[in-house]
1. What net charge is computed for the residues neighbouring Gln370, neighbours being all others with C-beta under 12 Å from the C-beta of Gln370, Lys and Arg scored +1, Asp and Glu -1?
2. Considering only DSSP beta bridges whose two residues both sit in the chain, what percent are antiparallel, to the nearest 5?
3. Tell me which GluC sites (Glu not before Pro) from segment 107-161 have a DSSP coil assignment and no more than 11 other beta carbons within 10 Å of their own.
4. What net charge do the residues around Ser137 carry, taking every other residue with its C-beta under 11 Å from that of Ser137, with Lys and Arg at +1 and Asp and Glu at -1?
5. At a 10 Å Cβ-Cβ cut-off, how would you order Asp430, Asp185, Asp543, fewest neighbours first?
6. Suppose the chain between Asp262 and Glu478 were pulled fully straight at 0.36 nm per residue; how much longer would it get relative to their current alpha carbon spacing?
7. Considering amide H positions built from the backbone, and no H for Pro or chain starts, which residues 5 or more places from Thr299, or on another chain, come under 5 Å of its amide H?
8. Can you compute the label reach from Thr222? Point 7 Å from Cα along the Cβ direction, backbone N cut-off under 14 Å, restricted to segment 320-348.
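Nothing in this text is a laboratory measurement; each read-out follows from the coordinates by a stated rule. This one's a predicted model, so the numbers in the text were calculated from it and none came from an experiment. Heads up, the Cβs are rebuilt from the backbone with ideal geometry, glycines too, and the neighbour counts pull from every protein chain shown.
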Amino acid sequence: MSQYQSTQSALALAASLLCFVSIHVAAKPNIIVVFADDISAREFPAYDGTEWSAPRQEFNKEKSNPDYRAQTPMLDRLATEGAVIQTAWANAVCSPSRATLMTGRYAHLHKWWQNTDIGTYLNEDEKEVDWPLYKSSPHTIGHVAQQGGYATFWAGKTQMGDSELSEFGFDAVMTSPGNDLGRPDHHPYTDFRLALVPGKTLPADKQKKGNYTQKVYRNLDTQEEGPAIWAEQSFFWQPSIGTWNWPLGTNSYDWWPQTEEDKADYGLNTYGPDVEMDFILSFMEQAHANGQPFFIYHTPHLGHAAQNWLGQEPENLWYPGTPKIEWDGKKYIRTEPQITGDQGTYDTHGTVTEPGIHHHINYLDYQVWQYMQKLEALGEKENTIFIFTADNGTLAYGKMQTDRQRGPRVPFFIYAPGMTQHGMQDILTDVTDILPTIAEAAGVELPADYEINGTSLLPYLTGRAPTHRDYIYTYLFEKQAIRGHKVLMDLNGDWWDVSEEPADLDNYPEITDWYAVSEAHRVERDELLKILPQFDKHATEHDAP
């Protein structure tokens, strides 16, 4: 370990020993982490960028169209009451980001290098399989929160092996889409699903590069056959939803809806993100009634492209509409969906928005409002840490992109009791920082020999530390990226001058002549290069030890 990293580790240990004393709250704070899907920082008004994404594939033609600018009054308020971090990184694609956030560790330890590149181990049957995250990293965010005495709930996208959700330290899980949940059957209440047609492949002229759409699927709603463009099951309208250990104590996997009342209400107007919030708010109420602090890990699909099961829009409109909402200056007003039709022909009767990622972001802001309303009703707002971030950059602009920081740069809002830092914070953070932040707030000290790559944000946010961290890091397959306050090495190995933020949050000057920048730039580059070898294990330590 370099002296550079040792200093950070010492600061992190000192912070954890303080166990959140300086926050001055009567009880352990509740913790809510919202991990949105495929949304770049530039999409949020709080970042004050000049470009964002339009609904269509041809986003570059309308990247500054005000009609497609998200409106986020609640997150804007949190950016003032709490803080928004100027430069936050996750990964360039989802599964590694989720592994990194849940463990506080990079892939040299947890081995999730990319969605399709996960380290393996020999299981009890001597079969080579993906190394489960809970085996590579037994102290995940759920385990840490439980150790601190929290009631824990996970809702939304999982991507961690749905038949093993009981292993991650959560008292209950609600997942969408349900996938198979370790069961041989499919969700029984929806035909918004693509079923593989055995033995059929697309004609050669219909296959996309890489044969990603080689298989043929049947749309069970319309009976049409074609490629699976997005997920095979709906996670927005009439969604496939599964649960583990819900109601509490059942200790089993099941499909939702479960009660006769819920089954009667389920249908075209059932919107997956609303179901998630219903589960979450109910869990918060139960934990509060039991006098127990709660930890919510909310992983919504909002922001992710999806097949539009309601149909009728061209294929290059990626983001199905949401229920219509309106901000009246004080609160959100939601229009109840009124959707009719069947077999691919539907009428939304003006109750659903047009497609567009900006509507997904607006709906996330509505959910933030729901959180704040519930916390205020429970008298817990001033005793809750709330974090909002995302797993990677926006599709077409950032997701899987290796240029500059388009792939890993994500929004990061945080609100916590006792904060002295408010508004835009020109610091560096990445999603490994979330686990040690949870550990400090929960009063949990991790084993001294257990490597964590993140640093708690609480010392900086509460004024106990003058700054946060000196570098952030990410990876994709064997590629590595790292940045400090002045320079960035991207996933292509190119260097950029990031000492000033451009208006579009993207157009940094490339460094091709190191003598054209300051000595401080060169010194920081040299320090960053010393750090990379400790994480560069894809070729030598790809799989489980």
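1. -2
2. Close to 65 percent.
3. Numbers: sites: Glu124, Glu126, Glu128; in loops: Glu124, Glu126.
Sites meeting the loop and neighbour criteria: Glu124, Glu126.
4. Cβ neighbours under 11 Å give a net charge of +2.
5. Asp185, Asp543, Asp430
6. Details: separation 216, 0.36 × 216 = 77.76 nm, distance 4.66 nm.
Gain in length upon complete extension: 73.1 nm.
7. When sequence neighbours closer than 5 places are left aside, the close amide H contacts are Phe35, Ala155, Gly156, Lys157.
8. Those under the cut-off are 342-347.
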